[in-house]
1. If you go through region 8-18, how many residues are part of a helix (DSSP H, G or I) and surrounded by 12 or more Cβ atoms within 10 Å (Cβ to Cβ)?
2. Could you check region 20-58 and list, in sequence order, the residues that are farther than 30 Å from residue 8 by Cβ, exposed (fewer than 10 other Cβ atoms within 10 Å of the Cβ) and either touching a helix residue (DSSP H, G or I) at 6+ places or on another chain (Cβ under 7 Å) or at pLDDT below 85 (or both)?
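The values are calculated or read from the model by the stated rules, or taken from the named source; none is laboratory data. Note that the structure is predicted; figures quoted are calculated from it, not measured. No Cβ is skipped: glycine too gets one built from the backbone with ideal geometry, and neighbour counts run over all protein chains shown.
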Amino acid sequence: MDNKFQHNQKFFSKLNLLYGDMDRAWEKAAAAYGFKCTGCAESCCETEFYHYTYIEKDYLLWGMNTLDHGTISRCCSGLNR
């Protein structure tokens, strides 16, 4: 694992828990309003939304650094086609 991410292991582990809590809260709120993704072309299901913060980028890179090279290769093999 990259030294930058290893040094921040505790922080990213806590961030992972926070993001899980946020996901569960979103699911609960969405269910209360009847929001359900059905894959329709007229909604966010087909919209590319690029709104990332530096912490989200680092969180993604931290997660990628926990994977072995083979897994990363399989995940990324379809990119840039």
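1. Filtering region 8-18 for residues part of a helix (DSSP H, G or I) gives 9-18.
So of that shortlist, the ones also surrounded by 12 or more Cβ atoms within 10 Å (Cβ to Cβ) come out as 9, 11-12, 15-16.
So the count comes out to 5.
2. 36, 37, 38, 39, 40, 41, 42, 46, 47
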